[in-house]
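Nothing in this text is a laboratory measurement; each read-out follows from the coordinates by a stated rule. These figures come from a predicted structure and were not determined experimentally. Every residue, glycine among them, receives a Cβ derived from its backbone with ideal geometry; neighbour counts consider all protein chains shown.
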Amino acid sequence: MAHCTFHARARSGFIGWRIRYDRGMKLATWNVNSLKVRLPHVIHWLRENAVDVLCLQETKLRDEHFPHSALAALGYESAFAGQPTYNGVAILARRDTVGAPSAVAVGNPLFPDEQKRLISADLGGLRVVNAYFPNGQAVGSDKYDYKLRWIDALADWLAVPAALPVVLVGDFNIAPEDRDVHDPKAWEGQVLCSAAERERFARLIGLGFVDAFRLFEQPPKTYSWWDYRQLSFRRNAGLRIDHILVHRALAASVRGCRIDREPRKREQPSDHAPVIAEIDLVA
């Protein structure tokens, strides 16, 4: 199990940390679009990619149906919050490296919501926040307004100084820049790419986060989501809407970040691909 010591102090509205760990961490996020359907994919992927932490979105399961035993057999402890048909989030943590999730919290205290979209936990000396952002349906719709209010409340909550360095991961349902969109002209002003959504993403960055993926030179036209329709994956007509944001205090420790397209090639895949970051926290 990983251990760490840290010193925290308030500075300019956030906590500054000096951290010493005895190992690194591989952390991934994946919208599985139904864990019941995709459980064999998740098990296969974890066997091939023994990450320390895997955050899932759109599990679409009641808590009593969560496959805790199947994941425990792989060495993972789980924290989860679900509902039938829609939403649902979970954090899986390797028992032998980071240990079981602790200080687990579901939802945002600043935004009471029946939808299970947010779960956070302490793991390996980090505070991991796993979020499934609302889709928004269409610009100007009630669901779009809900999305903007939801993100505003998330930003307000994350602005409160934390005792541990924060990593915010999940399906943001936002493509931050035109280079994250296969056809920027066609998507201009549309939901997932609208100015108001990108402004919210920039606000999160302004809280002291950095986009782990953009810390590194990446191949052009690299995306994390492809519609099931119109042969989108085959044509690579996708968007990068799944993200790992690390606090800037951790930025120098991020050794890599990539999107794994392989699960999208399987039979009955999720429409999203996992995003993996490696954080070298060895002092």
Proxy reagent accessibility, fewest Cβ within 10 Å first, across Thr29, Thr222: Thr222, Thr29
Which of His243, His272 has the fewest Cβ neighbours within 10 Å, and the rest in rising order: His272, His243
Structure-derived volume of the Cα convex hull per residue in Å³ - corresponding label in (i) 122; (ii) 176; (iii) 296: (i)
Of the DSSP H helices in the chain, those whose Cα atoms cover at least 18 Å axially and whose Kyte score averages -1.0 or more: 35-48, 142-158
Added length on full extension, which subtracts the Cα-Cα distance from 0.36 nm per residue, Lys221 to Glu177: 14.7 nm
Residue-span extension gain [Ala159 to Lys143] - 0.36 nm each, minus C-alpha spacing: 3.3 nm
Computed E for Ala196/Leu74 - FRET, C-beta separation, R0 41 angstrom, nearest 0.05: 0.50
Exposure proxy order (Cβ contacts within 10 Å, fewest to most) of Trp225, Trp187: Trp187, Trp225
GNM top mover of Pro176, Pro40, Pro161 - the chain, alpha-carbon springs below 10 Å: Pro40
30 Å Cα cut-off, lysine pairs counted over the chain (separation 8 or more, or different chains): 26
Those residues of region 72-88 whose amide nitrogen sits under 15 Å from the label point placed on Gln115, 7 Å along Cα→Cβ: 82-88
Calculated Rg and Dmax of region 171-283 using C-alpha coordinates, Å: 14.6, 48
